[in-house]
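Read the structure below first, then the notes.
The values are calculated or read from the model by the stated rules, or taken from the named source; none is laboratory data. Everything numeric in this text was worked out from a predicted model, so none of it was measured. As a convention, Cβ positions derive from the backbone with ideal geometry for all residues, glycine included, and neighbour counts pool all protein chains shown.
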Amino acid sequence: MGLPLIVANIGTMNLFRGIAYIILGDKAFNGYPPRFAYFRQGYVGWVLSFEPMFFTILPVIYVIVLHRTVLAACSMQTATTSLWRPFPASGWTASRCGFSC
């Protein structure tokens, strides 16, 4: 269509905002189950709240997944050119991923 990306992005955002307004009206959704309150107000071991623990452990998992697994090798293969070389730490070659560039 020849639209700049920012126009398409803002237009899509407003489309989904309008759909949400049609569904919910002018009130917020608040029918969440009580167990969801743990993610905001829960404590791990009665000492630390859930959020700092979650955002401390999540980056560690992220680094492990992106540097030591097949997922990292395959995602890097599909995201770059055909001159891609696999991560040496993963031990996987591009032909073992089953993706085509």
_Single residue of segment 36-63 satisfying the filter (surrounded by 10 or more Cβ atoms within 10 Å (Cβ to Cβ) and not in a helix (DSSP H, G or I)) that is modelled with the highest pLDDT_ = Ser49
*Looking at this structure, is Tyr21 in a helix (DSSP H, G or I) and of a type outside the set (Val, Ile, Thr)?*
yes
